[in-house]
Amino acid sequence: MAKPRVSFHDFTSCEGCQLQVLNCEDELLGIVGAVDIVNFREAIDEKSDEYDIAFIEGAFTRESDRKRLEHIRKCAKIVVALGACACTGGLNVLKNFRGIDESMKKVYGEAASWYETSPALPIEAAIKVDVKINGCPIPKQEFLEVVKSVLAGRTPQIPDYPVCVECKLRENVCLFQKGEYCMGVVAKAGCNAWCPSYGGRCYACRGLITDFNKNAAKDVLAEYGLTLEQVMAEFRMFNGVFPVAEPPADGALKS
Ligand code: SF4
Ligand code: SF4
Ligand code: SF4
């Protein structure tokens with residue numbers, strides 16, 4: 001039986017998520033044995049338009065990306081969004097808030113008009129996505145879980161509960177107790193509370209859990225005297241494309 005053909009593609013990103021794939025050193029040989037990798041710019045020279053599973057890294061940030069994304073969608077049976085840039089637009093979305101023209105001038109100066117750009121968006125704004133692997137970068141274990149489940153034809157087991165659950169299991173002292181704040185209350189787990197375990201706060205790089213209790217989250221933040229600007233800045237870091245990033249109309253938090 002022919003092995004499934006797998007393809008990796010990159011759009012606007014730092015390519016750190018593809019590096020995470022290469023970092024799966026112990027498991028990579030097993031994966032390479034089970035599939036045929038036909039496009040992977042970081043690792044091989046081969047190129048092909050014949051593939052079954054496409055992993056797409058990076059955000060949709062130029063109108064010309066749309067054609068390439070549509071072509072990949074046409075070639076692949078399964079499309080997997082790889083990492084925060086592809087799933088939510090990631091850090092790239094910050095330019096939408098700063099202003100596209102201002103961001104371009106800041107980066108390219110006088111040469112800004114040479115380059116094509118548009119507001120940064122998740123790839124889902126252009127094509128249908130079947131599976132998302134969140135995170136900046138992606139957790140290796142989740143990539144492996146998705147590969148195994150796609151090959152076995154089952155739904156991947158991806159947590160939809162807050163990072164706080166993993167953080168408590170690791171017996172970390174909560175950052176709120178230290179006078180800091182953290183998005184772990186609404187962020188999707190699966191990273192094993194990576195940042196709080198090393199003393200950093202969670203910026204919800206893995207996106208937000210489904211149907212989180214917005215009012216409870218706001219109450220917690222307000223209880224610790226946080227301003228609206230602080231909370232919005234945290235949301236926008238990785239989740240600026242979601243409506244939840246808009247300031248709450250009731251002004252429940254201090255501005
Ligand atoms: S999600 Fe983060 S690590 Fe992955 S490509 Fe984007 S910026 Fe890089
Ligand atoms: S440090 Fe962050 S992730 Fe950990 S329990 Fe506190 S709010 Fe939750
Ligand atoms: S703790 Fe938060 S910011 Fe850090 S990796 Fe996990 S989800 Fe991302």
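Observations on the model:
- Pairs with Cβ under 7 Å, 6+ apart, first in region 154-165 and of a type in the set (Phe, Trp, Tyr), second in a loop (DSSP other than H, G, I, E, B): TYR161/ALA189; TYR161/ILE209
- Verdict on GLU46 being out of contact with any Asp or Glu (no Cβ under 8 Å at 6 or more places or on another chain), surrounded by fewer than 19 Cβ atoms within 10 Å (Cβ to Cβ) and not in a helix (DSSP H, G or I): yes
- For VAL163, the requirement of being near ligand 2 (Cβ under 8 Å from one of its atoms) and β-branched (Val, Ile, Thr) is met.
- Filter pass, TRP114 being farther than 27 Å from GLY33 by Cβ, among the aromatic types (Phe, Trp, Tyr) and free of Cβ contacts under 8 Å to residues at least 24 places away in the same chain: yes
- Any hit, region 65-88, residues being free of Cβ contacts under 8 Å to residues at least 24 places away in the same chain, in a helix (DSSP H, G or I), among the small types (Gly, Ala, Ser) and assigned by TED's automatic domain parsing to the domain that holds CYS136: no
- Residues that are of a type in the set (Gly, Ala, Ser) and either buried (at least 23 other Cβ atoms within 10 Å of the Cβ) or in contact with a His (Cβ under 9 Å, 6 or more places away or on another chain) (or both) within region 55-75 comprise GLY58, ALA59, listed in sequence order.
- Exclusive hit being among the charged types (D, E, K, R) and either closer than 13 Å to ALA59 by Cα or more than 16 Å from ligand 2 (Cβ to nearest atom) (or both), set GLU171, GLU145: GLU145
- Unmet criterion (only one of (1) away from ligand 1 (no atom under 16 Å from the Cβ); (2) buried (at least 17 other Cβ atoms within 10 Å of the Cβ); (3) hydrophobic (A, V, I, L, M, F, W, C)) for PHE40: (1)
- Of the helices (runs of 4 or more DSSP H) lying entirely inside region 172-255, those carrying at least 2 residues that are modelled with pLDDT under 90 are 214-223, 228-239.
- Any chance LYS148 is loosely packed, with under 15 Cβ neighbours inside 10 Å, among the basic types (Lys, Arg) and in a helix (DSSP H, G or I): no
- Flag for ASP219 being on the phi < 0 side of the Ramachandran plot, in contact (Cβ under 8 Å) with a residue 40 or more places away in the chain, surrounded by fewer than 22 Cβ atoms within 10 Å (Cβ to Cβ) and acidic (Asp, Glu): no
- Screening ASN172, ASN192 for residues that are over 20 Å from LEU82 (Cα atoms), touching a residue at least 12 places away in the same chain (Cβ under 8 Å) and within 13 Å of ligand 3 (Cβ to nearest atom) leaves exactly one candidate, ASN172.
The values are calculated or read from the model by the stated rules, or taken from the named source; none is laboratory data. Keep in mind it's a predicted model, so treat the numbers as computed, not measured. Note that we place each Cβ from the backbone using ideal geometry, even for glycine, and neighbour counts take in every protein chain shown.
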